[in-house]
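**Student:** Before I ask anything, here is the structure I am working with.
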Amino acid sequence: MNRLHDLFSIRAKRAWLAILLLGLLPGLALAHPHGWIDIRVRLVVDDEGRLEALHQAWRMDPFYSLVLLEELSRTEGGLEAGLDRLGGEIRGNLAPFDYFTEIRLGEERLGLGDVSEYTVMERGGRVEFIFLLPLETTQPLNGQTLQYKVFDPTYYLEVVHEAEGETPLDDALLVSGELGCSTRIVPANPDPELVMQAAMLDVTDEAEPGLGRHFAETGVVKCE
């Protein structure tokens, strides 16, 4: 399983592909990405200013959510039970791939631990996966610059930080605790050749792993 869309049921994927092929999303039908995820990230910092985990919330796009909610509502136990099962599937499928999250402190890439706290819910008509992604080892942030990316390696789905209503985009990246930190979200700046490569991928094509990294936003946190 090397695509983010493999997190979902076979029936949901088939229904989503049908939507695309029927042309309900004409701008996306012949090019990657085929949908998107809005994310919010909060750095969980302990009393000593050490980073413990990244609390992430992923909201699936409205069309993908519609397919999933309709499918899950017809499963045994109804929608609530279906969402619970979906949470376990997402966690299990993402675990071998570090939840598609890369974190660097300075030049060092940080190791990630196992997710044990997670949930899936419906919010505003969209499916939302919320989880706590711990570090293998807590890391001091004082005087350090941390950067992270969250992306589907095959760029089947685009991952972007969420801006709700009048909320500034940077509010999608927060730091807990009393440590004084500045935050910003750096937009992706892919090479035009990679943009063309992604645009030429059909819905049935398998992109080379790593393509999504070039289209990923970068969250930057600098703590004094």
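The values are calculated or read from the model by the stated rules, or taken from the named source; none is laboratory data. Predicted model, so just to flag it, every value in this text is computed and none were measured. Cβ coordinates were reconstructed from backbone atoms using ideal geometry, including for glycine residues, and neighbour counts include every protein chain displayed. SASA here: full protein model, heavy atoms, side chains in, ligands and nucleic acids out. Shrake-Rupley method; radii C 1.70, N 1.55, O 1.52, S 1.80 Å.
**Student:** Peptides 182-194, 46-58, 108-120: what's the order by average Cβ count within 10 Å, highest mean first?
**Tutor:** Ranking the peptides 182-194, 46-58, 108-120 by packing returns 46-58, 108-120, 182-194.
**Student:** Still on this model: Taking H placed 1.01 Å from N in the peptide plane, check which residues at least 5 places from Thr154 or on another chain put their amide H under 5 Å from its amide H.
**Tutor:** Those qualifying (amide H under 5 Å, at least 5 residues apart or on another chain) are Leu4, Gly210, Gly212.
**Student:** I'd like the carbon and sulfur percentage of the solvent accessible area for segment 24-135, probe radius 1.4 Å, heavy atoms only, ligands and nucleic acids excluded.
**Tutor:** So the carbon and sulfur contribution to the accessible surface is 51 percent.
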